[in-house]
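Colleague: Sending over a structure as structure tokens; questions will come in a sec.
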Amino acid sequence: MHAPVLLKQVVDLLRVRPGGVYVDGTLGGGGHAEAILRAMGEGGLLVGIDRDPEALGRAADRLQHRASKCVFEQGNFADMKAIVQRHGIGEVDGIVLDLGMSSDQVDTARRGFSFQHEGPLDMRMNPEQQATAASLLATLDERELADLLYRLGEERASRRIARAIVAERAASPIHSTVQLAELVARVKGGPRGRIHPATQTFQALRMAVNRELESLEAGLEDGTALLRPGGRMAVISFHSIEDRLVKRTVAQHEGRWESLAAGGRRWEGRMPQVRRVTRKPVVADEEEVRANPRSRSAKLRVWERI
Ligand SMILES: C[S@@+](CC[C@H](N)C(=O)[O-])C[C@H]1O[C@@H](n2cnc3c(N)ncnc32)[C@H](O)[C@@H]1O
């Protein structure tokens, strides 16, 4: 089962209150949702969203005992405003996004997220969507592949890997996780230290298949707009590309005064306005990292609508 990260910190920093309305945009295994529901006590409502119907089913089972306070929706958190509006909700007290994939997804070989399990190169969080990792690998040209690996995986060997993919697919299609992992390991040299050489390639493909940055950008805007004054949004990211986007978006909503050459000053910032609750991102303590290695790279940022 998926172990939720920074659980106590999320509940505390969201200041979950009895009777409030909350959105969990990445329901996954339902760990954060369950803790929020517990802190809500009697009353209130939690809207749980996930793109992945399998995750939604599992979380709904887990949260059955609190079903009267939950609604579950399969969808993208980028559309959360429309989703909650369908339930007659115009503003909410708190939102959590716990980005990336769940252990349940990674450990299911047929979903194709892991280079450690032999499986099809799928990586779709929502299996109704068309593009898979295999279809991207088969159709993008060498330059597009290199750009993707560099931009979304910060992969320094992006050009060499892209060249090897194009050469390999000319001989036979690349359709399995292990086939791709071995190809990347051949290009970069075998595993060094803890990190498998294909880690960044898999991250980049997964982010491209699921258009994760586009969703995050929209989700941060929609979520912030949905908060009632005093409402809070908590986002957990797992790598620097996501964290930078979160940090930048919050800074834009925080705004700042800009001095004008002609004198006076002008407010530079987006509406609605927010204040940061966390100055620096909250990270897992040693104990959590020992118990759940996935928490090692987690960064939690929280802000409040004013
Ligand atoms: C890290 S897991 C969440 C785990 C969850 N917080 C828990 O405690 O069990 C991330 C989940 O978010 C879902 N997800 C990722 N991006 C999404 C998006 N844009 N919209 C909706 N769900 C998304 C994934 O399918 C996955 O189930």
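Colleague: Taking the 0 to 90 degree range and rounding to the nearest ten, how far is the long axis of helix 31-40 tilted relative to the main principal axis of the chain, both from C-alpha atoms?
Modeller: So the helix axis and the longest Cα principal axis differ by about 10 degrees.
Colleague: Across the stretch 137-144, in residue order, what do the Karplus-derived ³J(HN,Hα) couplings come to in whole Hz, using 6.51 cos²θ - 1.76 cosθ + 1.60 with θ = phi - 60° and x for Gly and Pro?
Modeller: Values per residue, Gly and Pro as x: 5, 7, 10, 6, 7, 4, 5, 4 Hz.
Colleague: Along the charge dipole of the stretch 99-170, pointing to its positive end and built from +1/-1 on Cβ of Lys, Arg, Asp and Glu, which listed residue (LEU99, ALA164, LEU149) has its Cα farthest out?
Modeller: Checking the options against the dipole of the stretch 99-170, the answer is ALA164.
Colleague: Output the pairs from LYS8/LYS280; LYS8/LYS69; LYS69/LYS280; LYS69/LYS299; LYS69/LYS247 with a Cα-Cα distance over 26 Å in this structure; if there are none, say none.
Modeller: Working: LYS8/LYS280 17 Å; LYS8/LYS69 21 Å; LYS69/LYS280 33 Å; LYS69/LYS299 29 Å; LYS69/LYS247 32 Å.
The pairs that break the limit, which is 26 Å between Cα atoms, are LYS69/LYS280; LYS69/LYS299; LYS69/LYS247.
Colleague: Let me ask you something else. If you bin every alpha carbon distance in the stretch 265-306 into 10 Å steps from zero, what whole percent lands in each bin?
Modeller: Pair shares across the bins are 25, 32, 23, 14, 5, 0.
Colleague: Which percent of the accessible area of the stretch 130-209 is formed by carbon and sulfur heavy atoms (probe 1.4 angstrom)? If you can, show how the numbers build up before the last one.
Modeller: On the way: 2150 of 4220 Å².
Summing carbon and sulfur atoms, their accessible area is 51 percent of the total for the stretch 130-209.
Colleague: Using label points projected 7 Å from each Cα along Cα→Cβ, tell me how many nm separate SER135 and GLU91, to one decimal.
Modeller: Label at SER135, label at GLU91, 4.1 nm between them.
Colleague: In percent, how large is the relative contact order of the stretch 60-145, given Cα pairs closer than 8 Å and 6 or more residues apart?
Modeller: Reported relative contact order: 11 percent.
Colleague: For ARG270, project a label point 7 Å along Cα to C-beta. Then give me every residue of the stretch 192-229 with its amide nitrogen under 18 Å of that point.
Modeller: Under cut-off, by backbone N: 212-229.
Colleague: Express the C-alpha Rg of the stretch 58-183 as a ratio against the empirical globular expectation 2.2 N^0.38 Å, rounded to two decimals.
Modeller: Working: Rg = 18.8 Å, N = 126, 2.2 N^0.38 = 13.8 Å.
Here the Cα radius of gyration is 1.36 times the empirical estimate.
Colleague: List, in order, the whole-Hz ³J(HN,Hα) value for each residue of the stretch 79-92 obtained from phi through the Karplus relation with A = 6.51, B = -1.76, C = 1.60 and θ = phi - 60°; use x for Gly and Pro.
Modeller: Working through the residues one at a time gives 9, 4, 4, 5, 5, 6, 4, 4, 9, x, 9, x, 8, 10 Hz.
Colleague: Can you quote the Å³ per residue value for the convex hull of the Cα atoms in the stretch 130-209, rounded to an integer? List each step's numbers first, then the result.
Modeller: Details: hull volume 6.5 nm³, N = 80.
Cα-based convex hull of the stretch 130-209, divided per residue, equals 82 Å³.
Colleague: What fraction of the DSSP beta bridges in the chain is antiparallel, stated in percent and rounded to the nearest 5? Can you show the working numbers first?
Modeller: Details: 16 of 34 bridges.
If we restrict to bridges inside the chain, about 45 percent are antiparallel.
Colleague: Rg/Rh for the chain to two decimals, with Rh computed the Kirkwood way over all alpha-carbon pairs. Don't jump to the answer; show the numbers that get you there.
Modeller: Details: Rg = 20.5 Å, Rh = 20.5 Å.
Looking at the chain, the ratio lands at 1.00.
Colleague: In nm, to one decimal, how far is the modelled label at ASP12 from the one at GLU154, with both set 7 Å along Cα→Cβ?
Modeller: Between ASP12 and GLU154, the simple spin-label model gives 2.7 nm.
Colleague: Put a dot 7 Å past each Cα toward the Cβ at GLU258 and ARG279; how far apart are the dots in nm?
Modeller: So the label points at ARG279 and GLU258 sit 2.6 nm apart.
The values are calculated or read from the model by the stated rules, or taken from the named source; none is laboratory data. For clarity, every value in this text was computed on a predicted model and none was experimentally measured. In this analysis, Cβ positions are derived from the backbone assuming ideal geometry, glycine residues included, and neighbour counts consider all displayed protein chains. These accessible areas exclude ligands, DNA and RNA; they are computed on the full protein's heavy atoms, side chains included. Shrake-Rupley method; radii C 1.70, N 1.55, O 1.52, S 1.80 Å.
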